[in-house]
Amino acid sequence: VQARVPRLEFIPDPTNATDVRAKNIERLKNSFVQQGFSESVNFAFTSKAANDRWGGEEAKLSVQLQNPLNEELTTLKTSLIGGLFENILLSVRHQQRDLRLFEVRPVYVRDEKSDTGVREEWRVAAIFCGRSYSHAFAARDRDIDFFDTKGVIEMILEAMGSRGLRYLPFESGDSRLH
């Protein structure tokens with residue numbers, strides 16, 4: 001192939017780690033949307049109390065903003081779960097009971113080894129409640145259960161290229177899980 005501009009064929013391939021990550025994130029988001037989820041976009045900051053409640057073990061590594069937007073939004077989130085629960089609660093108060101939400105974004109934790117003292121980690125979180133989306137003609141309408149959750153996880157991971165997964169019971173000391 002002959003380039004219109006001389007030496008254009010010597011331009012390096014622009015694909016780098018950031019492009020690969022962006023493509024993977026887009027593929028992940030599309031997979032959630034195909035499962036009937038809507039993307040939730042929340043602020044990267046929250047109150048210290050909310051972060052302590054929803055941040056899990058990493059809440060103790062939270063980053064306090066030196067110049068917050070207001071008195072309440074003072075802490076960078078260490079978890080996406082709190083924002084999704086707030087979205088669900090607001091929707092339920094507005095009579096929306098069948099919800100499927102997901103969020104893909106970075107969270108921030110203190111890291112003394114980092115040049116900036118803060119480490120950015122990309123996370124994925126999803127939440128759904130209400131009635132099952134049953135597209136089968138003969139299927140009965142029912143509440144969402146474990147098997148719906150398992151099916152969504154399997155479809156998302158398959159779309160991302162994961163195969164041969166096994167489900168194992170685990171014990172967690174995390175108070176957010178029960």
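The table for this structure:
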{"read-out": "Cross-chain or 6+ apart pairs with Cβ under 8 Å, segment 141-169 first and part of a helix (DSSP H, G or I), then surrounded by fewer than 12 Cβ atoms within 10 Å (Cβ to Cβ) and modelled with pLDDT under 85", "value": "LYS150/TYR167; GLU154/LEU165; LEU157/LEU165"}
{"read-out": "Tabulated pairs, segment 30-42, first touching a residue at least 60 places away in the same chain (Cβ under 8 Å), second among the charged types (D, E, K, R) and open to solvent by 10 Å² or more (accessible area, probe 1.4 Å), C-beta under 7 angstrom, 6+ apart or interchain", "value": "GLY36/ARG100; PHE37/ARG100; SER38/ARG100; GLU39/LYS29"}
{"read-out": "Complete set of residues in segment 27-78 that are under 17 Å from ARG110 (Cα atoms) and hydroxyl-bearing (Ser, Thr, Tyr)", "value": "THR46, SER47, SER62, THR74, THR75, THR78"}
{"read-out": "Candidate set from segment 148-173 (those that are farther than 24 Å from GLY56 by Cα and among the acidic types (Asp, Glu)); member that is least open to solvent (accessible area, probe 1.4 Å)", "value": "ASP148"}
{"read-out": "Of residues in segment 23-68 being open to solvent by 80 Å² or more (accessible area, probe 1.4 Å) and of a type in the set (A, V, I, L, M, F, W, C), the one nearest to ILE144 (Cα to Cα)", "value": "VAL33"}
{"read-out": "VAL124 being farther than 24 Å from ARG27 by Cα, open to solvent by 40 Å² or more (accessible area, probe 1.4 Å), modelled with pLDDT of 90 or more and not basic (Lys, Arg)", "value": "no"}
{"read-out": "Residue match in segment 51-61 (condition: aromatic (Phe, Trp, Tyr) and within 26 Å of TYR167 (Cα to Cα))", "value": "yes"}
{"read-out": "Some residue of segment 98-116 being assigned to a helix (DSSP H, G or I), among the basic types (Lys, Arg) and more than 26 Å from TYR167 (Cβ to Cβ)", "value": "no"}
{"read-out": "Residues of segment 25-68 classified as within 25 Å of SER91 (Cα to Cα) and in a loop (DSSP other than H, G, I, E, B), total", "value": "10"}
{"read-out": "Of all residues making up segment 69-89, the number that are open to solvent by less than 90 Å² (accessible area, probe 1.4 Å) and not in a loop (DSSP other than H, G, I, E, B)", "value": "9"}
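The values are calculated or read from the model by the stated rules, or taken from the named source; none is laboratory data. None of these values were measured; they are calculated from a predicted model. FYI the Cβ positions are ideal-geometry reconstructions off the backbone, even for glycines, and counts take in every protein chain you see. These accessible areas exclude ligands, DNA and RNA; they are computed on the full protein's heavy atoms, side chains included. Shrake-Rupley method; radii C 1.70, N 1.55, O 1.52, S 1.80 Å.
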